[in-house]
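The values are calculated or read from the model by the stated rules, or taken from the named source; none is laboratory data. Since the structure is predicted, the reported quantities are computational estimates derived from the model, not experimental observations. Virtual Cβ from ideal backbone geometry, glycine too; neighbours counted across all protein chains shown.
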Amino acid sequence: MNLVEIQGVKKHFGEIHAVDGIDMHVKKGEILGLLGPNGAGKSTTISMIATLLEPTEGTILFMGESIQADPKQIQNVLGFVPQEIALYPTLTGKENLQFWGRVYGLRGGELRERISEISKVIGLEERLKDRVDTYSGGMKRRLNIGVALLHKPAFIIMDEPTVGIDPQSRSFILDTVRELRDQGSTVLYTTHYIEEVESLCDRIYIMDHGKIIAEGTKESLTEMIDASEVIRLSVETVDPMLITTLQELKFVENVVVEANSIFLTVKENGNHYQSIMNALKESGTQLKGMDIQKPSLETVFLYLTGRGLRD
Ligand SMILES: Nc1ncnc2c1ncn2[C@@H]1O[C@H](COP(=O)(O)OP(=O)(O)O)[C@@H](O)[C@H]1O
Ligand SMILES: [Mg+2]
């Protein structure tokens, strides 16, 4: 049985269809990635799973039971790491953990033991006695994760926990997520960083405009695009006529323009370069550079949405 089952779920805020009819499931013991650009509906989706928001329509099951009917079941095993940091800046790291531990019902020796374990997990042992407002962004994030782990949750949801932090804290957090999975927890991880889902996630949903547009492993998603390669042309200015010409080439499946780059998804076989060079020459476009990329999650996203997935 799937740990979580999401069936036909929508969340509308007035005219805004933040989540627009999605089906998803979470398997026990996996790191599941929810990948999408800002505004895709990721936070809204996980807030509904965490019972912080009610769906406008649809059902969410936890262990086969509706969480709308019985929210306690999922709340008891859930650790939720919100996108916004939820800490008291004037308290120390330890005091924050104590405060939240008590909120979770931990007391005395058990609380002390958990705080000591958690501070090792998040790598903040040395700084636990310092006020949170002296922490770096990455340290705050790690403490925020520690807070969510105090009560040993079996299911952890993290909402873009690595946005705007230093690379070291980032890789520390990614390692922590892997350890949690290896110890038997289930993790649902949202991000707009493709590299993170590629290196971290056992399975991935790609979300855009409130809809799930693809699902699979990194490998199955990249196999999905029926092309041997993606050619990137780097140009000074993008001529719309050139784009039309390229789209009409019979070996070209898809053309996406991003800033000064033109991405061509091309079919296998054949020497395409002459036709591409002719098209460039015809439109008088100066080629500044060209490279060839094997299909990756990034090119899958380009292919599906016609847009890049960057900040
Ligand atoms: N409480 C709200 N009221 C109105 N609109 C909202 C609210 N929360 C989110 N939205 C809108 O819903 C869409 C999806 O938002 P969100 O779930 O935060 O996306 P993501 O987490 O992928 O960036 C956005 O257009 C956002 O502005
Ligand atoms: Mg969000």
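Does the stretch 60-80 contain any residue that is within 16 Å of ligand 1 (Cβ to nearest atom) and small (Gly, Ala, Ser)? Explain how you work it out, then say what you get.
We begin by selecting, within the stretch 60-80, every residue within 16 Å of ligand 1 (Cβ to nearest atom); these are 60, 80.
Still in the running and small (Gly, Ala, Ser): none.
No.
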In the stretch 111-132, is there at least one residue being without any contact (Cβ under 8 Å) to a residue 24 or more places away in the chain, part of a loop (DSSP other than H, G, I, E, B) and surrounded by fewer than 17 Cβ atoms within 10 Å (Cβ to Cβ)?
-> no
How many residues are within 18 Å of residue 43 (Cβ to Cβ) and either surrounded by fewer than 18 Cβ atoms within 10 Å (Cβ to Cβ) or more than 16 Å from ligand 1 (Cβ to nearest atom) (or both) when one looks only at the stretch 187-200?
-> 1
What do you reckon, is residue 53 assigned to a loop (DSSP other than H, G, I, E, B), surrounded by 15 or more Cβ atoms within 10 Å (Cβ to Cβ) and touching a Ser or Thr at 6+ places or on another chain (Cβ under 8 Å)?
-> yes
Give the residues of the stretch 1-34 that are within 21 Å of residue 199 (Cα to Cα) and within 12 Å of ligand 2 (Cβ to nearest atom), sorted by residue number.
-> 34
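So, residue 48, is that one within 16 Å of ligand 1 (Cβ to nearest atom), surrounded by 15 or more Cβ atoms within 10 Å (Cβ to Cβ) and in a helix (DSSP H, G or I) or not?
Working: within 16 Å of ligand 1 (Cβ to nearest atom): yes; surrounded by 15 or more Cβ atoms within 10 Å (Cβ to Cβ): yes; in a helix (DSSP H, G or I): yes.
Spelling it out, residue 48 is indeed within 16 Å of ligand 1 (Cβ to nearest atom), surrounded by 15 or more Cβ atoms within 10 Å (Cβ to Cβ) and in a helix (DSSP H, G or I).
Restricting attention to the stretch 75-106, and to residues there that are among the hydrophobic types (A, V, I, L, M, F, W, C) and surrounded by fewer than 17 Cβ atoms within 10 Å (Cβ to Cβ), which single residue is nearest to the chain's Cα centre (by Cα)? Walk me through it before giving the result.
Step one: of the stretch 75-106, the residues among the hydrophobic types (A, V, I, L, M, F, W, C) are 77-78, 80-81, 85-87, 91, 97, 99-100, 103, 106.
Imposing the further condition that a residue be surrounded by fewer than 17 Cβ atoms within 10 Å (Cβ to Cβ) reduces the set to 85-86, 91, 99, 103.
Details: 85: 17, 86: 20, 91: 30, 99: 29, 103: 28 Å.
Restricting to residues being among the hydrophobic types (A, V, I, L, M, F, W, C) and surrounded by fewer than 17 Cβ atoms within 10 Å (Cβ to Cβ), the top hit is 85.
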Which one of these is surrounded by fewer than 22 Cβ atoms within 10 Å (Cβ to Cβ), touching a residue at least 24 places away in the same chain (Cβ under 8 Å), of a type in the set (Asp, Glu) and away from ligand 1 (no atom under 16 Å from the Cβ): 159, 175, 166?
-> 166
Please verify whether the stretch 66-78 includes one or more residues that are at pLDDT 95 or above, in a strand (DSSP E or B) and of a type outside the set (S, T, N, Q).
-> yes
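In the stretch 102-143, which residues are in contact with a His (Cβ under 9 Å, 6 or more places away or on another chain) and at negative phi?
Residues satisfying the conditions are 104, 106, 114.
Being out of contact with any helix residue (DSSP H, G or I) (no Cβ under 8 Å at 6 or more places or on another chain) and within 16 Å of ligand 1 (Cβ to nearest atom) is true for just one of 84, 95. Which residue is that? Lay out the reasoning, then the answer.
Numbers: 95 fails: within 16 Å of ligand 1 (Cβ to nearest atom).
The match here is 84.
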For the stretch 133-155, what are the residues that are touching a Lys or Arg at 6+ places or on another chain (Cβ under 9 Å) and either outside any helix (DSSP H, G or I) or without any contact (Cβ under 8 Å) to a residue 12 or more places away in the chain (or both)?
-> 134, 135, 150, 151, 152, 154, 155
